[in-house]
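Participant: The structure that follows is given in the form of structure tokens.
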Amino acid sequence: MISTRTTSNSPTKLNTNRKRSTWFKVSTTITSVALCGMGLAGEFLDRTQVESLLTGSTVEAHVLGKDRALSSIALDQSSIRTERWEFMSNGVVKRQIYGKKPATNMGQWWVNKKGKLCLKWAQQDKKKRHLLAPTEKGGYELHGKEGKSKVVFDSVQR
């Protein structure tokens, strides 16, 4: 897998816009290559597939702790939380969190035109958008705005 590292320390202030533009092109290319290497590029579910998969389904999910990405763990189980999500046909989603701090959250879910799963939890102000990609083990990874996956749907049941 290819990884990138960025630094904000620029030795000169000349041509700053050009450096940022070049970095963006390089990082976009590297990200695309990394996704192809993982078998994910072009394999995200579309709107119809996401709606069909989730409407009326119960999902067993594993969620990584803060500042973790699936690619960075050697399955350190202490940082993984188990959850059950219920996607109701009326657009309501119920999330049960298990573990040391059990909780139940309610929210709204929908799929936008780009095929992103949108979630708006009752206790949070902002909505989150995720692309879904199938995994080799028959589950689905949720990819956020930075392409990182911190949630895996291990099983989807109707």
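The values are calculated or read from the model by the stated rules, or taken from the named source; none is laboratory data. What you are looking at is a predicted structure, and each value in this text was computed from that prediction instead of being measured. Each accessible area value is taken on the protein alone, full model and side chains, heavy atoms only, with ligands, DNA and RNA left out. Shrake-Rupley method; radii C 1.70, N 1.55, O 1.52, S 1.80 Å.
Participant: Would you list 154, 125 from the most to the least accessible area, probe 1.4 Å? Please list the in-between numbers first.
Facilitator: Values: 154 70, 125 155 Å².
I get 125, 154, largest accessible area first.
Participant: Taking a 1.4 Å probe, which of 81, 95 shows the most accessible area, and what order do the others take after it?
Facilitator: The residues order as 81, 95, largest area first.
Participant: While we're on this one: In segment 106-155, what is the volume of the convex hull around the alpha carbon atoms, normalised per residue and reported in Å³? Walk me through the numbers before you get to the answer.
Facilitator: Working: hull volume 4.6 nm³, N = 50.
In segment 106-155, the Cα convex hull volume per residue is 92 Å³.
Participant: Set the bar at 24 Å for Cα to Cα. Now go through 101/137; 100/126; 120/148 and name every pair that lies beyond it.
Facilitator: Numbers: 101/137 28 Å; 100/126 26 Å; 120/148 19 Å.
The pairs that break the limit, which is 24 Å between Cα atoms, are 101/137; 100/126.
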